[in-house]
Each structure stands twice: as structure tokens, then as C-alpha cells.
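The values are calculated or read from the model by the stated rules, or taken from the named source; none is laboratory data. Since this is a predicted model, take the numbers as computed values, not measurements. Using ideal geometry, Cβ is built from the backbone for each residue, glycine included, and neighbour counts are taken over all protein chains shown.
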Amino acid sequence: MRITVIGAGPAGTLLACYLARRGFRVEVYERRADPRLLDEDESRSINLGLSARGIAALTDIGLMDTLRPLTVPMRGRAIHLPGGAVPFQPYGAHEGEILHSVLRRDLITTLVDHAEAQPGVTFHFRHRLVGLDRETAAARLVHEDTGAASTVEGDAVIGADGAFSQVRAHMHHGLRAEHHQEILEWGYKELTIPAADDGSARTRLEALHVWPGEDALIVAHPNRDNSLTGTLFLPVERFGEVTDPEEFLGERFPDTLDLMPHLAKEYAEHPVGHLVSIRTSPWHHRGRVALVGDACHAVYPFYGQGMNSALEDCTVLDRCVGDHPGDLGAAFAEYQRLRKPHTDVLDELSKQNFVELRDRLRSPLHLLRKKADLLLARALPGRWVPLYTMISHTTVPYADALARARRQDALLRGAGAAVAVAGLLAAAPAVVRLVRGSGRSTVTP
Ligand code: FAD
């Protein structure tokens, strides 16, 4: 069977590897140029946090050992507080519970190389999907440079073409489909923390750096050349209002002025990106079309799970295809049934984590709660697992992780209430003595 994959992002390239392993012929069409042919400047690459789900998928196709040397470990969060303190919050209770920062370009080129080395996989760059017959899986494409149009026939089309998927639009057109899209009122801009003149890192490298704030937030991932790529998040209209970014950031996050020597220039030159969350259904059509990754569930980036869940989709879809040999209709339906409840939960978690990063990280109470979580995880290994650990360091399905975290929270609240009651009971004799001594009939503790 021949499958047409649209989009050579993380999901499309990984899926090509999986499908080739199952013996499919795979034609991948991508509107951008081959990232292997661009020089560094042309393909300015963002970096992404790779965690357990992505790692599991890349290990499954035998690529993690090749990729690991291209990543920088992030062992926890370095939280930059206004007074200058930078407390470090480890990611997990155990040594191996870390994230890996990887350049999107490094990830994609590794995946494309691996996919192309399999028999039956061909990549066609600079080809944009412009039309789709969802009943026959015929895809219409246009070459971005020459404008030449072509139609590609196949047994099925998989849309891995991101949040604004054209495959999804053509598949849903005229059907009773659900589509829920939100654009966050905050956008983002990239800012660099370059290596120092002597080539060393200007700040602790093996960490995700966060500058939390209610009206501005920065997150920075490390790179292998000792630089870090920062992402400044602001309410979208604020980007235009800020005329002096050094003054604006200097007031809120004083240490960024030393860390970002090119701040003013980059602020002026770099575009504002928008953040979108998408829930949609159906994810497939009669064994002819299916969607993976952001095309069927884009989430805000604040849990660092968009790409990881896109890679995990491919693992789930691959298993469904294996469980229903020769019946893509059944495989696609099973894939959506198994997967959608979990990516819906991820959408909620990603929205909540925006509030955590922005508002709660500075709170001593929040830091204390995080510490308590880690202590409990160490004291009760396997029995107490913080939600963040389950999402980022395990492959427990998202909805199951949330349900378990809620049970743990209820226990903690119960224990808190028990401690309070025990405290009252212990204090009762003293209260009675006080009441008797003062001759009053009631005392409110
Ligand atoms: P995409 O990466 O969007 O790839 C889609 C591909 O399809 C693109 O190459 C595009 O050119 C191509 N395409 C689109 N339309 C067409 C067409 N008509 N014809 C042909 N080709 C087409 N996720 C994490 O897991 N960890 C992180 O730390 C993280 N950080 C992020 C930070 C920011 C600021 C943002 C915005 C996102 C972040 N994400 C992160 C999310 C992550 O980038 C996405 O979830 C992930 O890239 C989705 O992969 P995908 O392959 O589904 O789609």
C-alpha cells in the first residue's frame, strides 16, 4: 500500500519511519525546503524540550542513540527571581528524570535521513498541498518555486501538516465536524542568550531557565554551543507598545540585560509568533485520511508537550495499523478512540501550566508544594508520583496521569485536614483549662 504524508515536521518524518518499517511505500510532501540543504542562518532553528514520550517514540524506531549527542540535558528549572536569586528546582525525584533540549533542525534532519534510508520512502520538498479528494485519497500539490501542479494517488493521506492543516480543512469540508480553536492573547518573540566571548555559557547551561511574571514571561532552552534560546511571552498588543525593550525587561528581569546583549536589535527584528490551541474531530475519514500531531490537537507550549505528544501519536497509530492489518479504516478509528481523550486532557494541562509559569512560580507556597511533592516521591517511590513527573517523565496516558494526580491531591488534602483536626484535639485540654479559668462559656480557637 502507498501512503502520502503531508508535512515533514516531527510527526510526519517520524511517521514515515514507522510506516516504512511496516512495509508501506511512503511519499512525504513538505512545503518548505530540505532542512539539510540550508545553511545555519537560513534555517534559524528553534529548540524544543524532548521528554519521555518523545524519547520513547524515538527509541522505538532506534534513533535515540543517534540523537542524544545532539541534545543538551535540562536537569530542572532555574527560576530567575526579581531580587537576583536563581533557585534551582530539579525536574524529578530521580537522576534520569530530565528533559533534553534539541534544535528542531537537528531532530528533523536526523529523522529525514533515517526515513530516507528505509526502502520505499521518498521526500518531496517545496511541495504544498492545495487540494484533497477525501474519498479517493488523491492529493493536489503545487511546487513552491515553479508553480507546477500535480496530483498524487495513493491508498491514504496522512495530514501531519501542523495546526493550520490543509488536510484537515479538506477532510472536514462540508461534513459535520467539530473544530474548536483558541488563539492565546499572549504571543511570543525569540531572543538569544549568546555564549560569552570566551565561548563559555553566560548562565547555568543544563537547565530550563524561567523568568516568571504576571505581565511578561521568558523561558530559555540551552544549546550545544553554550548559547540559550529565549522565548519572551507578552500580551500580543504589548509587543508594539514596548518601545525600549531594555528598559521594559530591565525593570522586570534585571539580569536579562547582561545575558542578552543583542536584546534591542533582536526585539526589533524578530517577528511575533501566535499561540494556538485546537481540538477537532473526526481525526480520520473512511480509511482514506487521518491526522497526526498539531493537525489534530495543537496545544499551548507551556507544558512542553506539543511535539512530544505528536511523536507519541505516531507510536499509537503505528500500533493500531499493526493491530488491523490491511484495514486502515479500523486502524484510524481505533487510533482516534485511544488517543483523543488524552490529548484533550493535555490541552487543559497546557493552559493551566501557562498560569503556573506566569503567576505561581514566584510564590514561596508553590515552591514549598513542589518540594513536598518531590519529598513524597522519594519517600514513597512508585506510590506518589507528581503530575509533572507523570506527564514529562513517563508514558502514562495524559488522562490517567491527571486522574491519579487528583487522587493524590485528595489524599494530601485529607492528610492536611487530619493534621489540623489532630492539632485541635491536642489543644483541646488547654482550651478547656482556658475556658474554665476565664469563666467564659465559649472560646473560638
Ligand atoms: P509542525 O511542526 O507544525 O510541522 C508541520 C509541517 O507541515 C511543517 O514542516 C510545515 O511546513 C508543513 N506544512 C504545513 N502545511 C503544509 C502544506 N499545505 N503542504 C505541505 N506541507 C505543509 N513542543 C514540545 O514538545 N516541547 C517544547 O519545548 C515545545 N516548545 C514550543 C515552543 C513554542 C514557542 C512553540 C510555538 C511550540 C512549541 N512546542 C513544543 C510545540 C511543537 O513545536 C509542536 O507541537 C510540533 O512542532 C508539532 O509537530 P507537527 O509535526 O505535528 O507539526
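Out of everything in segment 141-163 that is within 22 Å of ASP34 (Cβ to Cβ) and free of Cβ contacts under 8 Å to residues at least 60 places away in the same chain, what residue ends up being nearest to the ligand (Cβ to nearest atom)? The residue in question is VAL142.
Every residue, every condition in (1) among the basic types (Lys, Arg); (2) surrounded by fewer than 18 Cβ atoms within 10 Å (Cβ to Cβ); (3) away from the ligand (no atom under 16 Å from the Cβ), yes or no:
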site: ALA93; (1), (2), (3): no, no, yes
site: ILE98; (1), (2), (3): no, no, no
site: ARG105; (1), (2), (3): yes, no, no
site: ARG126; (1), (2), (3): yes, yes, no
site: ARG134; (1), (2), (3): yes, no, no
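Results for (1) within 16 Å of the ligand (Cβ to nearest atom); (2) within 30 Å of LEU374 (Cβ to Cβ); (3) over 21 Å from the mean Cα position of the chain (by Cα); (4) of a type in the set (Gly, Ala, Ser), shown as yes or no for each residue.
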residue	(1), (2), (3), (4)
LEU48	yes, yes, no, no
SER51	yes, yes, no, yes
ASP60	no, yes, no, no
ARG75	yes, yes, no, no
ILE79	no, yes, no, no
GLY83	no, yes, yes, yes
GLN89	no, yes, no, no
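Scan LEU208, LEU249, LEU184 and give me the residue that is within 22 Å of LEU361 (Cβ to Cβ), in contact with a helix residue (DSSP H, G or I) (Cβ under 7 Å, 6 or more places away or on another chain) and not hydroxyl-bearing (Ser, Thr, Tyr).
On the way: LEU208 fails: in contact with a helix residue (DSSP H, G or I) (Cβ under 7 Å, 6 or more places away or on another chain); LEU184 fails: in contact with a helix residue (DSSP H, G or I) (Cβ under 7 Å, 6 or more places away or on another chain).
None of the other options fit; the residue is LEU249.
Grab the helices (runs of 4 or more DSSP H) fully contained in segment 229-284, keeping just those with 2 or more residues being surrounded by fewer than 17 Cβ atoms within 10 Å (Cβ to Cβ) and not aliphatic (A, V, I, L, M).
Working: elements: 236-241, 245-252, 256-259, 263-269.
Passing ranges, in order: 236-241, 245-252, 263-269.
Once segment 12-29 is narrowed to residues that are more than 14 Å from HIS124 (Cα to Cα) and within 15 Å of the ligand (Cβ to nearest atom), the residue that is surrounded by the fewest Cβ atoms within 10 Å (Cβ to Cβ) is TYR18.
Tell me the residue from GLU153, GLU185, GLU144, GLU206 that is closer than 23 Å to GLY76 by Cα and acidic (Asp, Glu), please.
On the way: GLU153 fails: closer than 23 Å to GLY76 by Cα; GLU185 fails: closer than 23 Å to GLY76 by Cα; GLU144 fails: closer than 23 Å to GLY76 by Cα.
Going through GLU153, GLU185, GLU144, GLU206 in turn, the sole match is GLU206.
Return a yes/no flag: does segment 288-299 have any residue that is surrounded by fewer than 19 Cβ atoms within 10 Å (Cβ to Cβ) and more than 14 Å from the ligand (Cβ to nearest atom). First the steps, then the outcome.
So the first thing to find is which residues in segment 288-299 are surrounded by fewer than 19 Cβ atoms within 10 Å (Cβ to Cβ), and the list is none.
Checking segment 288-299: not a single residue is surrounded by fewer than 19 Cβ atoms within 10 Å (Cβ to Cβ) and more than 14 Å from the ligand (Cβ to nearest atom).
Conditions tested, residue by residue: (1) modelled with pLDDT under 95; (2) outside the structural domain of ARG140 (by TED's automatic domain parsing); (3) within 30 Å of ALA169 (Cα to Cα).
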position: GLY213; (1), (2), (3): yes, yes, no
position: ASN223; (1), (2), (3): no, yes, no
position: GLY240; (1), (2), (3): no, yes, no
position: PRO245; (1), (2), (3): no, yes, no
position: PHE248; (1), (2), (3): no, yes, no
position: LEU263; (1), (2), (3): no, yes, no
position: GLU266; (1), (2), (3): no, yes, no
position: VAL289; (1), (2), (3): no, no, yes
position: HIS297; (1), (2), (3): no, no, yes
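Which of the following residues is within 10 Å of the ligand (Cβ to nearest atom) and touching a strand residue (DSSP E or B) at 6+ places or on another chain (Cβ under 8 Å): GLU185, GLU178, GLU190?
On the way: GLU185 fails: within 10 Å of the ligand (Cβ to nearest atom); GLU178 fails: within 10 Å of the ligand (Cβ to nearest atom).
So the residue among GLU185, GLU178, GLU190 that is within 10 Å of the ligand (Cβ to nearest atom) and touching a strand residue (DSSP E or B) at 6+ places or on another chain (Cβ under 8 Å) is GLU190.
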